1. Please turn the phi angles of segment 123-136 into ³J(HN,Hα) values with the Karplus equation 6.51 cos²θ - 1.76 cosθ + 1.60 (θ = phi - 60°), one per residue in order, whole Hz, x for glycine and proline.
2. Kindly flag which residue pairs out of Lys46/Lys169; Lys35/Lys107; Lys35/Lys189 have an alpha-carbon separation exceeding 30 Å in this structure.
3. Sorting Val106, Val188 on the 10 Å Cβ count, fewest up front, what's the list?
4. Going by amide H atoms built from the backbone, whose H comes under 5 Å of the H on His3, apart from near neighbours?
5. With viscosity set to 0.890 mPa s and temperature to 25 °C, compute the Stokes-Einstein D of segment 1-94, Rh being the Kirkwood radius across alpha carbon pairs; µm²/s, no decimals.
Amino acid sequence: MSHFRYTIARTNTEKELGYRLRYQVYVEEFGFERKEDCPNQMEIDKYDRHSIHILAWDQNELAGTCRIVLPSSLGLPGQEFPSGLRFPPDAVPDLRSTAEISRLTVKKSYRRLSRLPSEGSRFSELVISLIIAGMRVAMAMHVDWILFISEPKIVHLCCCFGFGAALIKAGEAVIFHKALRAPYVGAVKDLYEMTAWLHPTCHRQLFPAEVKESIPEASNQQPHPKGNSLDIFCFGSRGKKSLMMGKMASLL
């Protein structure tokens, strides 16, 4: 059984839990954002209203979160990346059908190194699970491309689990938020196929109805034509890999 379970934040209260964790990490711990810009100890920006928020739970403790920013009139956060976006000729996404996995946040206690393999795998579990959860939600929302601003070590981690090769570097790496980061883009279809080898086990249902209700701007999005399945990667006990398979109800 996985250490963690994953849910979509449907209510404002649930979303605020993620905003508060982002405040703890992005503001108090790393100083990426200013306290005066974050009232009520919540880190929120203009893209959150256009996002689907995923929460990762260790029993009743919130261990991590990320958001999937859907295409809108605001564009995507990655378009503001300091070095800009420069897509290779064979991978130029339509930004009207591109979502961004953003604000991936892991609580400090789950980033501590441990000599015990079962504990040392928790960070990898959370990061990989949240990335693939975001990709699956993007597919359900009929998004064709995923944009992701990342440190090289996270992309290397994706490669270790069989899908990093589908992430194409889309700009120069620069120091951003106190670390070397670069933009990457990947076709959702390719990412889906590259994770199909992972063994599925039933874990939790995440319904597109929840996605639709979580943000007003999602109401015009259509479900992906490939079907109603949402697979979310997670680890089993003792670091074994498994997949959470959930049946997704129709958005319509």
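Rule-based calculations on the coordinates, nothing more; no lab input. Owing to the predicted nature of the structure, the values given are computational and were not obtained by experimental measurement. Counting neighbours? That spans all protein chains shown, and the Cβs are built from the backbone with ideal geometry, glycine included.
1. These are the phi-based 3J(HN,Hα) values: 5, 4, 4, 5, 4, 5, 4, 5, 4, 6, 4, x, 5, 5 Hz.
2. On the way: Lys46/Lys169 26 Å; Lys35/Lys107 18 Å; Lys35/Lys189 39 Å.
Over 30 Å Cα-Cα: Lys35/Lys189.
3. Numbers: Val106 20, Val188 25.
The most exposed by this proxy come first: Val106, Val188.
4. HN-HN under 5 Å from His3: Phe235.
5. Values: Rh = 15.1 Å.
The estimated diffusion coefficient comes to 163 µm²/s.
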